[in-house]
């Protein structure tokens, strides 16, 4: 295409692409920039026609000039070193990018515009015509309710705060404010990395793949338009709210006005728009329980998910996986789950890499007997059977995309199964569609131009997972790492359930995990999915980890925020790539500190990023970290921690069941149990693991002692047996393989300090 302009560009929620209108929806009088990608066109000009309220049309034609950018958007995406960093930094770049700046439109005006130019062969080229009308905030325009009743009369809604962003065509957003105390604390909004208490911050709720540094950029894979409001020192009672929408929403949490949470929500742009907000009163667990009753409750998963998970993105042969598990056994480091990421060719994520087969030209599912196994994976079923005999479960990696010719090696044959599956996806009506009815092609930096299955429809969920059924029923795998889920960009996308992208994109990861959970259930297995992306409703679908991050102390601290905030929104089974997964291996202190903390989290797992198999090896196995750092003690310390984790599995299992039954989070901030204790806010990285263990990870390098706040009650130091009365700060020594843990007096036999120390030989 010689000229391309899209009013909303690629739909990136945080950055403008070269071909878009900025802003997409301009306010009255706001200047507008119109971008176009010219490729090989020359003499590119903009025709800009404005029609006034009186019907008079004024038209101008101006040349488009080279666009100038400072690279800020691309830098914000890059995230430093890593195999996706360059792709992200380049994702917003465009060749032949041009732009025209035009003045703002007055109220009642609207504009029509297009770009024209000369193609390489001298023929005229032009974009379509596009229309734009300016928007303005008005006191009326739609219907805002709180639990079904008019919002204007609700005591928690600030009088006069409701406003509607309208154009001549319809209503596009609504604003309102909720009243909070000047010193109230606000926690939730899904998984949040930057802070537990969002007081004084501004944020949004949109599913996004921020590759690393999520805490710095305040972006998340797993947002939710739900939060708890907790009392400050001035008193009051806890409550919570849920903005009942799957569209994007924005929150100013006491930043502009200390007694208000200002909320802005995207709407559908029609003349008849409505939004309902749920308000819940009660203790935090009662608020969470009411929320989960609406959006879906978690379920209890088998005990094996609570053991150590091990993986590395470069474990790409049966021999490597077997060797890694052998080494675990030789070093007496118990492992419960191996995640095999690099098992497929990453094209269709269905076939074991280098297996031979006759292509299924109709895209029909395979059975295990259809394959002749290759050198990389000579016998997947025998491998899985052997791992099961060792007590190790097997989880395979997935992504909800299908590569196309544009992103495959040049020598890929036309009868490659991934291309045949792509044709079947499209011909069968299983693809997410673009606005013009053609199949959507992924606009992101990972798997660019890939097709996306429309998992909003049961028929497509069944079609997509049928291709993986042999992996469960014949090979015997136990679960799926449902990676990705953040790849739907664009408000204009079309889904089979009748929704557009603005309403449906955030729900993609929910449908995705649900699809694979249903596959596993149908085969008689537990619905073990392991996701990083999600939204409201994800609580009912499997396990989660905190996504991609470097091996830094900052990332360690951000991850604790993420776990506590996700749990406050109903995510039960949660963990992280302990010590980070990207870049050089962490130093020995960070790795052991992270492992010690992870023992006392809902999930414990290590993982490492793909690095093109270049030395030195970047596996996060304890023995490789020991080798790379020159610190042999890492192995022994990790061994003790892994055995401690095994000892805690019965307690964790019992407490996970209790969490599901009571809506008291498994990894819960102290504000859940002590909402009126003002001191807990000075210690945001402390949390309860279940009812009886108070955990305070050491998150500063070089620490030799660590102070911990103990709330009301009586607490026993797990490691020394010393008892403390609550309501005070205590300090203890912290060798690097020790995380401060205090046991509630009267805890059950499973976590009584004396019994634990005896079993562990402490």
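Worth pointing out:
- Filter result for residue 756 (touching a residue at least 12 places away in the same chain (Cβ under 8 Å), assigned to a helix (DSSP H, G or I) and outside the structural domain of residue 230 (by TED's automatic domain parsing)): yes
- On inspection, residue 343 does not qualify as touching a helix residue (DSSP H, G or I) at 6+ places or on another chain (Cβ under 6 Å), under 21 Å from residue 310 (Cβ atoms), free of Cβ contacts under 8 Å to residues at least 60 places away in the same chain and assigned by TED's automatic domain parsing to the domain that holds residue 513.
- Residue, modelled with the lowest pLDDT, within segment 332-345, restricted to residues that are assigned to a loop (DSSP other than H, G, I, E, B) and touching a strand residue (DSSP E or B) at 6+ places or on another chain (Cβ under 9 Å): 345
- Tally, over segment 276-306, of residues that are more than 28 Å from residue 186 (Cβ to Cβ) and surrounded by 23 or more Cβ atoms within 10 Å (Cβ to Cβ): 2
- Residue check for residue 743: closer than 20 Å to residue 674 by Cβ, touching a helix residue (DSSP H, G or I) at 6+ places or on another chain (Cβ under 6 Å), outside the structural domain of residue 590 (by TED's automatic domain parsing) and crowded, with 19+ Cβ neighbours inside 10 Å: yes
- Residue in segment 395-440 that is nearest to the chain's Cα centre (by Cα), counting only those that are free of Cβ contacts under 8 Å to residues at least 60 places away in the same chain, over 21 Å from residue 458 (Cα atoms) and not in a loop (DSSP other than H, G, I, E, B): 407
- Restricted to helices (runs of 4 or more DSSP H) entirely inside segment 455-561, those with at least 3 residues that are out of contact with any helix residue (DSSP H, G or I) (no Cβ under 8 Å at 6 or more places or on another chain), at pLDDT 95 or above and surrounded by fewer than 23 Cβ atoms within 10 Å (Cβ to Cβ) are 458-466.
Condition check ((1) buried (at least 19 other Cβ atoms within 10 Å of the Cβ); (2) more than 30 Å from residue 55 (Cβ to Cβ); (3) touching a residue at least 60 places away in the same chain (Cβ under 8 Å)) across all residues:
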site	(1), (2), (3)
105	yes, no, yes
110	no, no, yes
123	no, yes, no
136	no, no, yes
149	no, yes, no
193	yes, yes, yes
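- Subset tally (residues that are closer than 29 Å to residue 445 by Cβ and buried (at least 24 other Cβ atoms within 10 Å of the Cβ)) for segment 171-187: 1
- Filtering segment 417-441 to residues that are crowded, with 16+ Cβ neighbours inside 10 Å and out of contact with any strand residue (DSSP E or B) (no Cβ under 8 Å at 6 or more places or on another chain) leaves 417, 419, 420, 424.
The values are calculated or read from the model by the stated rules, or taken from the named source; none is laboratory data. What you see is a predicted model; the values in this text were computed from it and never measured. Backbone-built Cβ (ideal geometry, glycine too); neighbour counts: all protein chains shown.
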